[in-house]
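**Student:** The structure that follows is given in the form of C-alpha cells.
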Amino acid sequence: MNSSISRRLIFWLAVPLMLLALCGGLIHYFNSVAPGVISSDRRLKAAANALMIHLAVDNQRFTLDANPNAKPPLPAPDSIDYALRDTQGRLLLGDAQLPALAVNGSNSDVFAMAELNQQSVRTLTTRFNSRGGVVLITVADAHRASEPAVRYSFMSTLLWDFVQLDITLVLVWVGIRLGLRPITRLRDEIAARSVLDLRPIDEATVPREIAPVAVTLNRLFQRLRASVQSQQQFIANTAHQLRTPLTGMQAQIDLLLVEPAAEPIRGRLQTLQEGVRQLAHAANQLLTLARADPAVNIAAKAQPVQLHVLAADVVARHIDRALQKDIDLGVEARAAGIVAEPSLIDDLASNLIDNALKYTPSGGTVTVSTGELDGHAFLSVEDTGPGIPESERRLVRQRFYRLPNSQGHGSGLGLAIVDEIAQLYDAVMTITGGVDGLGTKVTVQFQPGTAK
C-alpha cells in the first residue's frame, strides 16, 4: 500500500527537529552544566593539593599545618569537606561521613558523586605518598546544591525542549491535514462522480501545487468526452438512418398482409414483420442510449415532468399490445413531479413497460405506479412474469445481457437504458420480487432535488 503524504511530511520534519533538540540540549549542557563541573573539579584538585602540602606527620599522627603564610593556603572550612584515610580505609583525619573510595595504582584521581548529609555532592579521592605512607585524601565541595541544581535545570530544559517538539509536531500534523484538504476535496469530488460524468474540474478552486494534476485530468476527461461523443454520435446517426427505411418497410409489410394475393406467404410475411419490428425497436433503443449520455448536455433541455400524466400516456400506447397478449395492463398514478427531459423519462417508462409485457405470460398483470415516498418521487412497474433471480439483478443492468434460457427475442438493452437514464438524474433503480415473491418489480426513485 502506498505511504501517506502526511506521514512522510511528519517523518521528514520530526527527524531534523529531534536532531535540533538534541543539539540544543548538548549546547545547553556545555554552556551551563559542563563549566560548573569543570570549575568544581579544579577547585577540588586545588584543595586536595593544598591539604597534602599542609599535611604533617608526627609518630604516625597526621595533622594539618595551619600556617597562614604557607603557599598555597588551606581552603576555607566552609568551602571544602575532607577526609584522610589510609589504604585500609581507616579514618586518619577529617569528616568520617565522606565515603571512602578505592583508588588503584594506575589512577591517582577518582571523581565521583556521593551522598553526604542526604545531599548529592561531587567528590575527589586522590592517592598521595606521604612521610607516614600512602594515604587517600577525599575532598568534597561544601556548596553541595550548586551542581545538582544546574543538572536539574539542564534536565528541565531538555524535557521542555522535547515537550515543545511534541507540541510542534502535533501542530504541524494539524496544519498538514488542513493544508491537504483541497486534495481530499478533489479526491471526494472525483470519487462521487458517476462513471459517465466527464465534466472538467474547476481549476480555479484547485491549489497552485496540484493545479498540474487538475489540468492533466481535464485533458484526459476532454479526450474521453470526445471519444464518447464520437461513439454516441455514430450510434445515434446509425439508429436515426435506420428508422426511416424500417418504418417504410413496416408500412409496406402491413399493407401487403391485407392483400388477398399474399395469403400463400402470410406466415412468412408475419415472421418478416416481427423481425422488422424488433429491428426498429433495437434502433430506437440505441438512439435512446445515445441521448442518455451526459456528454450531450441534456441538462439544458430539462423541464417539469408530471410522472402520473406521463405514465398514463405511456400505458395508453401499450394497451393494444397488452390486449393482444391477454395481459391486464393498469396504472395506479398518484401525483408526482420531477425536473428532467420529458423524452428521456418517456423512454424510461416505455422500456420498463415493454420489458414487463415481453416476459409476462398470457393472463398475467402489469401495473405501473407513480407517487412520492418520503419526499422522493418514484415510478415503478410490477409484473407477474417469471421474475429475475436475485443473483442476476446486478447483471441485467449491463448492456446486451440477457438471462439464461430467456424466452422470446430481445437485445438485452431495456433495463440497461433504464439504469443509465436513472443515473443521469442521480435516481436509484431497484429490482425486487413482486407480491408474494412472484414476478418482478422495478422501481426508479428520484432524488429530492429533482422532484418538483
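The values are calculated or read from the model by the stated rules, or taken from the named source; none is laboratory data. Worth saying up front: this structure is predicted, and the values here are computed from it rather than measured. Here Cβ is always computed from backbone atoms with ideal geometry, including for glycine, and neighbour counts include all displayed protein chains. Each accessible area value is taken on the protein alone, full model and side chains, heavy atoms only, with ligands, DNA and RNA left out. Shrake-Rupley method; radii C 1.70, N 1.55, O 1.52, S 1.80 Å.
**Student:** For the condition open to solvent by less than 80 Å² (accessible area, probe 1.4 Å), more than 30 Å from P16 (Cα to Cα) and modelled with pLDDT of 85 or more, what is the one hit in V215, V206?
**Tutor:** Step by step, each of V215, V206 is checked, and only V215 is open to solvent by less than 80 Å² (accessible area, probe 1.4 Å), more than 30 Å from P16 (Cα to Cα) and modelled with pLDDT of 85 or more.
**Student:** Considering each of G337, G375 in turn, give the residue that is in contact (Cβ under 8 Å) with a residue 60 or more places away in the chain and on the phi > 0 side of the Ramachandran plot.
**Tutor:** G375
**Student:** Restricting to region 304-342, what's the tally of residues that are open to solvent by 40 Å² or more (accessible area, probe 1.4 Å) and touching a Phe, Trp or Tyr at 6+ places or on another chain (Cβ under 9 Å)?
**Tutor:** Adding up the residues that qualify gives 1.
**Student:** Same structure, new question: Sort out which residues of region 346-360 are part of a helix (DSSP H, G or I) and either over 19 Å from D426 (Cα atoms) or open to solvent by 20 Å² or more (accessible area, probe 1.4 Å) (or both), and write them in order of number.
**Tutor:** Within region 346-360, D346, D347, S350, I353, D354, N355, A356, L357, K358, Y359 meet the criteria.
**Student:** Surrounded by fewer than 13 Cβ atoms within 10 Å (Cβ to Cβ), at negative phi, modelled with pLDDT under 80 and touching an Asp or Glu at 6+ places or on another chain (Cβ under 9 Å): is that true of A292 in this structure? Break it down stepwise before answering.
**Tutor:** On the way: surrounded by fewer than 13 Cβ atoms within 10 Å (Cβ to Cβ): no; at negative phi: yes; modelled with pLDDT under 80: yes; touching an Asp or Glu at 6+ places or on another chain (Cβ under 9 Å): yes.
Spelling it out, it is not the case that A292 is surrounded by fewer than 13 Cβ atoms within 10 Å (Cβ to Cβ), at negative phi, modelled with pLDDT under 80 and touching an Asp or Glu at 6+ places or on another chain (Cβ under 9 Å).
**Student:** Now for a different question. So which of Q407, Q398 is modelled with pLDDT under 90, under 17 Å from Q285 (Cβ atoms) and not small (G, A, S)?
**Tutor:** Matching residue, one of Q407, Q398: Q398.
**Student:** I would also like to ask the following. If you check Q229, Q273, Q250, which single one turns out to be open to solvent by less than 90 Å² (accessible area, probe 1.4 Å), under 27 Å from E203 (Cβ atoms) and either modelled with pLDDT under 85 or in contact with a Cys (Cβ under 7 Å, 6 or more places away or on another chain) (or both)?
**Tutor:** Q229
**Student:** While we're here: Criterion first (within 22 Å of V331 (Cβ to Cβ), modelled with pLDDT of 85 or more and open to solvent by less than 50 Å² (accessible area, probe 1.4 Å)) does T443 satisfy it?
**Tutor:** Yes, satisfied.
**Student:** Can you name every residue in region 163-198 that is in contact (Cβ under 8 Å) with a residue 60 or more places away in the chain and assigned to a loop (DSSP other than H, G, I, E, B)?
**Tutor:** Once the filter is applied, which keeps residues that are in contact (Cβ under 8 Å) with a residue 60 or more places away in the chain and assigned to a loop (DSSP other than H, G, I, E, B), region 163-198 yields L180, S194, L196, D197, L198.
**Student:** Looking at (1) within 27 Å of R199 (Cβ to Cβ); (2) surrounded by 18 or more Cβ atoms within 10 Å (Cβ to Cβ), can you tell me which one D426 breaks?
**Tutor:** Only one criterion in (1) within 27 Å of R199 (Cβ to Cβ); (2) surrounded by 18 or more Cβ atoms within 10 Å (Cβ to Cβ) is unmet by D426, namely (2).
Listed here are the residues, each with its yes/no results for (1) closer than 24 Å to A280 by Cα; (2) open to solvent by 50 Å² or more (accessible area, probe 1.4 Å); (3) outside any helix (DSSP H, G or I); (4) in contact with a helix residue (DSSP H, G or I) (Cβ under 6 Å, 6 or more places away or on another chain).
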residue: L344; (1), (2), (3), (4): yes, no, no, yes
residue: T370; (1), (2), (3), (4): no, no, yes, yes
residue: S380; (1), (2), (3), (4): no, no, yes, no
residue: R402; (1), (2), (3), (4): yes, yes, yes, no
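**Student:** If you check A112, A96, A100, which single one turns out to be at pLDDT 75 or above and not in a loop (DSSP other than H, G, I, E, B)?
**Tutor:** Working: A96 fails: not in a loop (DSSP other than H, G, I, E, B); A100 fails: not in a loop (DSSP other than H, G, I, E, B).
Exactly one residue qualifies, and that residue is A112.
**Student:** If you check Q285 against the conditions, is it in contact (Cβ under 8 Å) with a residue 12 or more places away in the chain, in a helix (DSSP H, G or I) and open to solvent by 50 Å² or more (accessible area, probe 1.4 Å)?
**Tutor:** It is false that Q285 is in contact (Cβ under 8 Å) with a residue 12 or more places away in the chain, in a helix (DSSP H, G or I) and open to solvent by 50 Å² or more (accessible area, probe 1.4 Å).
**Student:** Now, a different point. Filtering region 384-393 down to residues that are over 41 Å from the mean Cα position of the chain (by Cα) and open to solvent by 20 Å² or more (accessible area, probe 1.4 Å), which residue is farthest from P404 (Cα to Cα)?
**Tutor:** Ranking the candidates gives T384 first.
**Student:** Turning to a different aspect of this structure: So, G363, is that one part of a loop (DSSP other than H, G, I, E, B) and at pLDDT 90 or above or not? So that I can check it myself, show each step before the final result.
**Tutor:** Values: part of a loop (DSSP other than H, G, I, E, B): yes; at pLDDT 90 or above: yes.
Criteria met by G363.
**Student:** Right, another one. Looking only at region 184-203, count every residue that is open to solvent by less than 70 Å² (accessible area, probe 1.4 Å) and hydrophobic (A, V, I, L, M, F, W, C) and tell me the total.
**Tutor:** Summing the residues that are open to solvent by less than 70 Å² (accessible area, probe 1.4 Å) and hydrophobic (A, V, I, L, M, F, W, C) in region 184-203 gives 5.
**Student:** Out of everything in region 143-168 that is at pLDDT 65 or above and open to solvent by less than 50 Å² (accessible area, probe 1.4 Å), what residue ends up being farthest from A114 (Cα to Cα)?
**Tutor:** L165
**Student:** Taking region 3-21 as the region of interest, how many residues are open to solvent by less than 60 Å² (accessible area, probe 1.4 Å), modelled with pLDDT under 80 and either of a type outside the set (A, V, I, L, M, F, W, C) or in contact with an Asp or Glu (Cβ under 8 Å, 6 or more places away or on another chain) (or both)?
**Tutor:** 3
**Student:** Just to be sure, is I431 closer than 27 Å to A302 by Cα and surrounded by 20 or more Cβ atoms within 10 Å (Cβ to Cβ)? Walk me through it before giving the result.
**Tutor:** Values: closer than 27 Å to A302 by Cα: yes; surrounded by 20 or more Cβ atoms within 10 Å (Cβ to Cβ): no.
Considered against the rule, which asks whether it is closer than 27 Å to A302 by Cα and surrounded by 20 or more Cβ atoms within 10 Å (Cβ to Cβ), I431 comes out as no.
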